[in-house]
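What follows is a single structure, written as C-alpha cells, with notes after it.
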Amino acid sequence: MNYIGSKYKLSSWIEQTVKDVVGDDLNEKTFCDIFAGTGIVGRTFKREVKKVIANDLEYYSYVLNRNYIQNHQEIENKEKYLEKLNNSSLIDSGFIYNNYCLGSGSGRCYFSDENGKKIDSARVQIERWYEDKEMDEDLYYFLLASLIESADKVANTASVYGAFLKHLKKSAQKEMTIEGAEFIINDNTHEVYNEDSNELIKRIEGDILYLDPPYNQRQYGANYHLLNTIAKYDNFTPKGKTGLREYNRSSYCKKSEVLYSFEELIRNANFRYIFLSYNNEGLMSEDEVKAVMQKYGAYHLETKEYQRFKADKTQNRNHKADRTFEYLHILEKR
C-alpha cells in the first residue's frame with residue numbers, strides 16, 4: 001500500500017538501530033507501535049519480541065493491524081472464503097457503488113462501477129458471515145484487511161483519497177481480485193487497539209516504545225476516509241465533491257498543539273526505551289524534540305537520508321530531488 005509516512009523502506013534501519021541501543025536479543029521484550037498506520041514496523045518486530053502492542057486512531061488501521069499483528073496462528077479455510085468472495089454475485093445498490101462510482105450518478109469516480117459493486121458485495125457478505133457466527137474474529141479481520149488492501153490497489157486516485165481522478169487510470173480499470181493479507185505465524189500473543197495514543201499510553205507498559213506520529217497538517221482520517229468507510233461500512237451522508245465522512249483530527253497535525261501532546265505522551269510513557277521517527281519537514285523542529293526528550297533521560301539522535309513518499313505531483317516545492325532526512329530520536333527514560 002502506498003501510504004504517507006510509510007516506514008517500509010526504513011524498517012531494516014529502524015530495527016538495527018533499536019538493536020544497537022537495546023541489544024540483539026529482544027525475545028523477552030514488549031514492543032509498542034502506538035501510531036501504527038499499516039503496521040510495517042510492528043510486523044518487523046513481531047518475530048523478534050515477546051509481544052507487540054499496536055495502536056492507531058483510524059479504524060482502517062485497526063483492521064489491518066488486527067490481522068497483521070494480533071493474528072498469529074493459522075486460520076483454517078481462509079482461502080475458501082476468499083474464493084467465495086471473489087466469485088460472489090455483484091449487488092448494484094451498495095454504499096460504495098452508490099456514492100463513489102460514476103455509474104450510480106454520484107459524480108465521484110473512486111472505483112470502476114464493477115469494482116465498486118464487488119467491494120459492496122464482499123463487504124456485505126463478510127458482515128453476514130460474522131453476524132451469523134460462521135466465522136471468528138481472526139477470520140473476520142483477515143477478510144476485512146484483505147478487502148481493504150485489494151480495494152486500495154484498484155482505487156482511482158493519485159495515492160491518497162483526498163481526490164479522485166477524472167478518468168479511470170489503468171490500474172483502476174483492472175477487475176479487483178481479493179488477495180489474502182498474509183500475516184506472521186508465531187507462538188506469541190499480541191494486542192491491538194483503536195484509541196487516542198495519549199490516553200492509551202496511561203494504561204500500557206513495556207520495554208520499547210516506537211512513535212511515528214503525523215509529521216504535518218495532513219489528517220490521515222481525511223486522506224484515507226474511503227478506507228475507513230469500507231472498514232466500517234456504516235451509513236452516513238458523504239460530504240462535498242470528494243464524499244468525505246466525519247473524521248478524526250489529530251493534535252499531532254496542529255502546530256499549536258503538537259508539542260504539548262508530544263510531551264504529555266513522553267511524560268506518561270511507562271517504557272524504558274523510546275524511539276521517535278520524525279523528519280526535517282515536521283511541525284516540531286529537531287531542537288524542540290530534543291528539548292522535550294532530554295527532560296526525561298539520556299537522549300541521542302540518529303539520522304538517515306532517503307527518498308520520501310510523494311502523494312502528489314506538485315512541482316513548486318522546496319525539496320531537493322525528493323529526498324529528506326529521517327530522524328530517529330532516542331530516549332532511555334529515567
If you check I204 against the conditions, is it in the same structural domain as E15 (by TED's automatic domain parsing), of a type outside the set (S, T, Y) and either in a loop (DSSP other than H, G, I, E, B) or in contact with a His (Cβ under 6 Å, 6 or more places away or on another chain) (or both)?
yes
Please find, within segment 141-186, the residue that is farthest from T44 (Cα to Cα) out of those that are part of a loop (DSSP other than H, G, I, E, B) and among the β-branched types (V, I, T).
T157
Can you name the condition, by its number, that Y252 falls short on among (1) more than 20 Å from the chain's Cα centre (by Cα); (2) outside any strand (DSSP E or B)?
(1)
Does D152 satisfy the condition of being within 18 Å of Y60 (Cα to Cα), crowded, with 19+ Cβ neighbours inside 10 Å, without any contact (Cβ under 8 Å) to a residue 40 or more places away in the chain and in the same structural domain as T242 (by TED's automatic domain parsing)?
no
Single unsatisfied condition, Y81 versus (1) part of a loop (DSSP other than H, G, I, E, B); (2) touching a residue at least 24 places away in the same chain (Cβ under 8 Å); (3) more than 28 Å from A163 (Cα to Cα); (4) out of contact with any strand residue (DSSP E or B) (no Cβ under 6 Å at 6 or more places or on another chain):
(1)
Among all residue pairs at least 6 apart or on different chains, which show Cβ distances below 8 Å where the first residue, located in segment 2-16, is closer than 24 Å to S171 by Cα and assigned by TED's automatic domain parsing to the domain that holds F325 and the second is among the basic types (K, R) and not in a helix (DSSP H, G or I)?
I4/R218
Return a yes/no flag: does segment 48-59 have any residue that is within 30 Å of G23 (Cα to Cα) and without any contact (Cβ under 8 Å) to a residue 40 or more places away in the chain.
yes
Does Y68 satisfy being outside the structural domain of G23 (by TED's automatic domain parsing), buried (at least 19 other Cβ atoms within 10 Å of the Cβ) and in contact with a strand residue (DSSP E or B) (Cβ under 9 Å, 6 or more places away or on another chain)?
yes
Of all residues in segment 146-205, which are of a type in the set (F, W, Y) and touching a Cys at 6+ places or on another chain (Cβ under 9 Å)?
F164
Report yes if some residue within segment 17-33 is buried (at least 16 other Cβ atoms within 10 Å of the Cβ) and under 21 Å from S250 (Cβ atoms); otherwise report no.
yes
Just give me the residues in segment 232-249 being in contact (Cβ under 8 Å) with a residue 12 or more places away in the chain, out of contact with any Asp or Glu (no Cβ under 9 Å at 6 or more places or on another chain) and either in the same structural domain as G37 (by TED's automatic domain parsing) or not in a strand (DSSP E or B) (or both), in sequence order.
K232, N235, P238, K241, T242, G243, R249
Go through H319, H300 for me and flag whichever is over 20 Å from K202 (Cα atoms), at pLDDT below 95 and loosely packed, with under 15 Cβ neighbours inside 10 Å.
H319
Residue list for segment 114-134, filter: surrounded by fewer than 19 Cβ atoms within 10 Å (Cβ to Cβ) and either farther than 17 Å from S89 by Cβ or in contact (Cβ under 8 Å) with a residue 24 or more places away in the chain (or both)
E114, V124, Q125, E127, W129, Y130, E131, D132, K133, E134
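The values are calculated or read from the model by the stated rules, or taken from the named source; none is laboratory data. Note that this is a predicted model, so its numbers are computed, not measured. So basically every Cβ, Gly included, is an ideal-geometry build from the backbone, and we count neighbours across all protein chains shown.
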